[in-house]
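Worksheet: one structure, shown below.
The values are calculated or read from the model by the stated rules, or taken from the named source; none is laboratory data. None of the values given here were measured: they were computed from a predicted structure. FYI the Cβ positions are ideal-geometry reconstructions off the backbone, even for glycines, and counts take in every protein chain you see.
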Amino acid sequence: MKKADFILIAILLTLTLSITFLFHINRNKENMIAKVYNNGELVYTFTDLNKEEIFTTKGVNGDVVIETKDGKVRIKEETSPLNICSKQGWTDSTSKPLICLPNKVVVEIVGKDKDDIDAIA
Amino acid sequence: MDTKKMARLSALLSLSIVLGRVESLIPTIPIPGVKLGLASVVTLIILYVYGPKEAFMILLLRIILVSILFGKLLSFSFFLSLSGGLLAFLFMLIAKKSKIFSIYGVSVCGAVGHSIGQIIAAIFLLSTFSLLYYLPVMVFLSIFTGLLTALVSQKVKTVIEE
């Protein structure tokens, strides 16, 4: 192998790894949406989790206040016996939905382009 | 073209057809028809032993024959192979002509070209730019397939040239 070979491989490695890394960061923050389900029905979709936004829906025991900020989402206020879902705090993961069982309200995060990839695969 | 050369090119062509078929069974990323580029080992050998004209001929024959043999002529994977194969050939030729790379560098260039060519074809065929997301992953993988094909080509090349 010549010196140019090593340089080429080094450049390619750094380039691909750094781009993959950047994609990974951007993907988590920008390609996520949060869906709010009330009694099993989709009532609202937060299209940009980075935007500060508040949505209120009427649950079984009273109003459920949902807030988004900095790529995360939380239940700000709700009325329930144990307040489990407001104590759960912020979530930014697709695998950690916010579930308010007494109020029958669910907030889940999904990837925006998830359907594209599924359609190809 | 003398008989010895013809026989060798035919043997290499059949080898590349088998490789092309085998590698289509290896899944890489969730775009159907995208290949790693192992069959380009033959293109590389011919490029070094005989020259660009022969390499280009065998490459085109391989892509068309694989499509006919496995019932995929003018299908999605045919265009992916064609685009990937041609760009890989172009990249290898330029890298070889520049004379700054050894067979390893030339092979890596070819493998990278193969990935880019396939992604370009897939973007046109599926008309979605979101496929660009896969490009870094594919180029990363192709560095290693490029090195592997160079290693194999190097060994075969010395045997043929003896």
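General observations
- Where A:Lys96 falls short, out of the listed (1) assigned to a strand (DSSP E or B); (2) under 27 Å from B:Tyr133 (Cβ atoms): (1)
- Residue that is modelled with the highest pLDDT, among those in the stretch A:1-27 that are of a type in the set (D, E, K, R) and under 25 Å from B:Ile103 (Cβ atoms): A:Asp5
- Qualifying residue in the stretch A:29-41 (condition: within 14 Å of another protein chain (Cβ to nearest Cβ) and closer than 30 Å to B:Leu141 by Cα): yes
- Which numbered condition B:Phe76 misses (of (1) modelled with pLDDT of 90 or more; (2) within 14 Å of another protein chain (Cβ to nearest Cβ); (3) over 28 Å from A:Leu13 (Cβ atoms)): (1)
- The set of residues from the stretch B:121-155 being buried (at least 18 other Cβ atoms within 10 Å of the Cβ) and more than 11 Å from chain A (Cβ to nearest Cβ) comprises B:Ala121, B:Thr145, B:Thr149, B:Ser153.
Residues checked against (1) assigned to a helix (DSSP H, G or I); (2) under 17 Å from the mean Cα position of the chain (by Cα); (3) modelled with pLDDT of 90 or more:
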residue	(1), (2), (3)
B:Leu93	yes, yes, yes
B:Tyr104	yes, yes, yes
B:Gly113	yes, yes, yes
B:Leu125	yes, no, no
B:Tyr133	yes, no, no
B:Met138	yes, yes, no
B:Ser142	yes, yes, no
B:Leu151	yes, yes, yes
B:Val159	yes, no, no
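- Which numbered condition A:Glu41 misses (of (1) among the acidic types (Asp, Glu); (2) in contact (Cβ under 8 Å) with a residue 12 or more places away in the chain; (3) out of contact with any Phe, Trp or Tyr (no Cβ under 7 Å at 6 or more places or on another chain)): (2)
- For beta carbons closer than 9 Å, sequence separation of 6+ or different chains, a first residue in the stretch B:101-127 that is within 17 Å of B:Lys35 (Cβ to Cβ) and touching a residue at least 40 places away in the same chain (Cβ under 8 Å) and a second that is basic (Lys, Arg) and surrounded by 23 or more Cβ atoms within 10 Å (Cβ to Cβ), the qualifying pairs are B:His114/B:Lys35; B:Gln118/B:Lys35.
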